[in-house]
Structures are given as C-alpha cells and as structure tokens.
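Novice: Before I ask anything, here is the structure I am working with.
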Amino acid sequence: MRRRAFITLVGGAAAWPLAARAQQAAMPVIGFLSSASRDVDDVRRLAPFREGMSEAGYTEGRNVAIEYRGADHQLDRLPALAADLARRQVSLIAAGGSPASALAAKSVTATIPILFANAADPVQIGLVASLNRPGGNVTGFTQLGADLGGKRMGLLRELVPSATSMAVLVNPTRPGVDAQSAQAQEAARALGLQLHVLNASREPDFDAIFLKLVQLQVGALVISADALFNDRRDKIIALAKHYSVPTIYEWREAVAVGGLISYGTRRSDSYRQIGILAGRILKGEKPADLPVLQPTKFELSINMKTAKALGLAVPPGVLAIADEVIE
C-alpha cells in the first residue's frame, strides 16, 4: 500500500468515531420533570408520552433521548431538579404530575420550551398568558381538574342521596388549591350540603383523614385532582373500603381496582398529546404559537361490586350515562 493511501485510510478511520460522536451529540434531549417517582411515571406518564412522540416521528434511543427527574412527591425538590435540566441545556422540558413541576421549570428558564400536563388552570397559576395565545416558552394540556369538582360532587350526591354533608380532600401544597376549595364550596352550597375541606400533603396523612371522616360522620368523600392522590390511589381505596366511605376519584383506573366511581378525562390522553407537541417543537414550532390543549371527552366509570358492598343502589339515570360499568 502506498504511504499516501495508508495515511488517508488511517485518517478516515480516526475521524469516524469523532463523526459518530458528533451525530450522537446532535440528538435532541428532552428533560422529563415530575413531582412523582420513576416507578409510577414509567407506566402512567412516560409510556403515553413516548407514544405521542412516536406518532410525531421520535423514538427514544433512536432520534431522541429522555433525561428523567422525579421529586417523589417532595415538591420542594422540584426547583433544583428543574435547574439541573436547564444547566444540561435540554431541548425542552416536559413537566408532569403536580402543577408545581411546570412552575419550577418556568422559574429557571425563559428560553427552553416547557410542556405541561396537569389539572390546574394554567392562566390562573401563571403558566401562560391565555389558553389560545400562551406566549413565552410554555404550553401544554390542561385537564380542567378544578372545574370538574362540582360535577363529581353532584354524581356522588346521586349515589348517596341521604348525605347531608360531604368532604373534599385537597393537597394544600398544590398550586391552584384555593380555586379547588372555592369551587367545591360553591358546588356544595348549590347542592345544599355542608362541606368539610380536609388537607393531606403526604401519604402518612391519609389514615388521620379517614379517622376524621368517621368523627365528622360525612356522607361521602370527593378526591380532588392531585398527583399525590392519584399515585397513592391504592392506599386511599383501601381506607375508603375499610371505613365504608363512598368516594369519587379523578381517573377510571381507581374504579378498575376497587374504587366506587370516577369522572374525568383519560390521563394517558394528556401525556400522549404533550408527546405529540414535543415532536412539533423539536421540528421547529414555538410554544408561544401552540394553544393550550383541553380535553374533549370525559368518562364516567362505576364499580357495581363496590357499590353493593357499600349498600348503595346506583340510580338508573347514572347507569345510563356511565361509559364503563364494572360488575
């Protein structure tokens, strides 16, 4: 082999790993910031998010990477986790679980695109300027959680018509909790009910909450929209069963594992939708130009076995509008 050819060959071989590393470095990285924990998020949030990205043409490990950060429901950890993602200069941040995740992300960057999926009013808590024109670097999907509180209370009243008082469980650390409580009070007044607003910000609070429900002799319980309550649903369902408290939940998944009734959107839809939005942003669109998405379908699910165990007769009118009846 001639010396010139040998040098060219060796030089090309040496350059190839550099080119490969440069190509790998060019792969966009999405920071996924959550108030919850990885074991829960893998199934409930990340899986539908990946599905949405796939619909938009992005597959993790092939042409996009995901850096996960979870606070394990310790909301005071979120600002540091968000700052870490910003320092890593990720291509965008997807914020899930509590609205506090998106607020933490917004507090550390005005340039990295941020996508949220939560049940708070994004205008009220300061995430966006308006739903149609978000402005800035933030957009996403709102599940309208607070707006559904009154509907849930009304459905529960139909199942327990003898109830003169109810309780609503809220997380006092959740952004937007004042609106949740105010709307619950308004709904209770319209139904002629006495309402007790009970606070829980940690899983260990749940046992004391249900003891309080027994002391207050409330007729039923509304679980408000909150990532902690959703992720610890099995504990709440077990306590509701033990103390025989008719309880309504946000997601149908709770009814599938023994909860009495639920009314809301499909959680997977919201994360799939922000996965699609992530793909659009990676292709060059701006968050300011992407209106905040809202649900178009709400589902009512009822567990008849649980109703029977509680001695409740589900009215025919409620059964007629149910999307899912679990026998």
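The values are calculated or read from the model by the stated rules, or taken from the named source; none is laboratory data. Just so you know, these numbers come straight off a predicted model, no measurement behind them. Heads up, the Cβs are rebuilt from the backbone with ideal geometry, glycines too, and the neighbour counts pull from every protein chain shown. Side chains included, ligands, DNA and RNA excluded: accessible areas come from the protein's heavy atoms. Shrake-Rupley method; radii C 1.70, N 1.55, O 1.52, S 1.80 Å.
Novice: Quick one: what are the phi-derived ³J(HN,Hα) couplings along segment 101-109, Karplus 6.51/-1.76/1.60 with θ = phi - 60°, whole Hz, x for glycine and proline?
Specialist: Once θ is set to phi - 60°, the couplings for segment 101-109 become 4, 5, 5, 5, 5, 5, 6, 10, 8 Hz.
Novice: Taking the chain as the reference, fit the longest principal axis to its C-alpha atoms, fit the long axis of helix 267-282 to the helix C-alpha atoms, and give the angle between the two in degrees, 0 to 90, nearest 10.
Specialist: 30
Novice: Keeping all protein chains in place, calculate the accessible area per residue for segment 156-269 (probe 1.4 angstrom), answer in Å².
Specialist: Spelled out: the 1.4 Å probe surface of segment 156-269, per residue, equals 41 Å².
Novice: Next question, about the same structure. Hey, what angle do you get for helix 3-25 against the long axis of the chain, alpha-carbon based, 0 to 90 degrees rounded to 10?
Specialist: 20
Novice: Hey, could you get me the Stokes-Einstein D for the chain, Kirkwood radius over alpha-carbon pairs, 20 °C and 1.002 mPa s, rounded to whole µm² s⁻¹?
Specialist: Numbers: Rh = 21.2 Å.
It diffuses with D of about 101 µm²/s by this estimate.
Novice: What value, in deg cm²/dmol to 500, does the helix sum -39500 (n - 2.57) over DSSP H runs of n ≥ 4 give at 222 nm once divided by the residues of the chain?
Specialist: Per the formula, -13000 deg cm²/dmol.
Novice: Within the chain, what is the longest stretch that has no trypsin sites (Lys or Arg not before Pro) placed in a DSSP loop and near at most 16 other beta-carbon atoms within 10 Å?
Specialist: Result for the longest clean stretch: 89-201.
Novice: Given the options Thr164, Thr296, Thr306, state which has the largest fluctuation in a GNM of the chain using a 10 Å cut-off (strictly under) for Cα springs.
Specialist: Thr296
Novice: Follow-up question, since we're still on this one. Quick check on the chain: of the DSSP beta bridges with both residues there, what percent are antiparallel, nearest 5%?
Specialist: 10
Novice: Starting from a Cα-only point model with no solvent, please compute log10 I(q)/I(0) by Debye for segment 217-294 at q = 0.20, 0.23, 0.25 1/Å.
Specialist: -0.84, -1.00, -1.13
Novice: Further, regarding this structure: Cα to Cα, under 26 Å, and not fewer than 8 places away if on the same chain: which lysines meet these conditions relative to Lys106?
Specialist: Reachable lysines: Lys283, Lys286.
Novice: Let me ask something additional. What percent does the relative contact order of the chain come to when contacts are Cα pairs within less than 8 Å and at least six residues apart?
Specialist: Relative contact order comes out at 19 percent.
Novice: Set the Förster radius R0 to 25 Å, insert the Cβ-Cβ distance between Lys283 and Arg133 as r into 1/(1 + (r/R0)^6), and round the FRET efficiency to 0.05.
Specialist: So the FRET efficiency works out to roughly 0.75.
Novice: When 1/r is averaged over all different Cα pairs and the result inverted, which Kirkwood radius in Å belongs to segment 172-263?
Specialist: Over segment 172-263, the inverse of the mean reciprocal pair distance is 13.6 Å.
Novice: A follow-up question, please. Amide H to amide H under 5 Å from Gly96: which residues, 5+ apart in sequence or cross-chain, H placed 1.01 Å off N in plane?
Specialist: Distant-sequence amide H within range of Gly96: Leu33, Ser34, Ser35.
Novice: What do you reckon, how do Asp231, Asp39 stack up by accessible area (1.4 Å probe), largest on top?
Specialist: Asp39, Asp231
Novice: Residues in segment 259-283, backbone N under 19 Å from the label point at Ala47 (7 Å along the Cα-to-beta-carbon vector): list them, ranges by number please.
Specialist: 259, 265-276
Novice: Taking a cut-off of 12 Å between Cα atoms, list the aspartates and glutamates near Lys308, but don't count ones fewer than 8 places away on the same chain.
Specialist: Glu327
Novice: If one takes the longest principal axis of the Cα atoms in the chain, at what angle in degrees, from 0 to 90 and to the nearest 10, does the Cα axis of helix 177-191 lie?
Specialist: Taking Cα atoms only, the helix is inclined about 30 degrees.
Novice: Counting only protein heavy atoms and a 1.4 Å probe, tell me what percentage of the chain's accessible area is made up of carbon and sulfur.
Specialist: In the chain, the share of accessible area belonging to carbon and sulfur is 52 percent.
Novice: Around Ser130, under 15 Å between beta carbons, what's the net of Lys plus Arg minus Asp minus Glu among the other residues?
Specialist: With Lys, Arg at +1 and Asp, Glu at -1, the net is -1.
Novice: Still on this structure, I have one more. Near Val255, within a Cβ-to-Cβ distance under 11 Å, what is the net charge of the other residues, with Lys and Arg +1 and Asp and Glu -1?
Specialist: -2
Novice: Additional query: Report Rg (one decimal) and Dmax (nearest whole number) for segment 261-327, counting Cα atoms only, units Å.
Specialist: Gyration radius and largest Cα-Cα distance of segment 261-327: 18.3, 56 Å.
Novice: Within straight cross-link reach of Lys212, meaning Cα distance under 18 Å, which lysines are found once same-chain residues fewer than 8 apart are removed?
Specialist: Straight-distance partners of Lys212: Lys235, Lys241.
Novice: Please give the residues of segment 47-65, grouped as numeric ranges, whose backbone N is less than 16 Å from a label point set 7 Å along the Cα-to-Cβ vector of Ala26.
Specialist: Correct set: 62-65.
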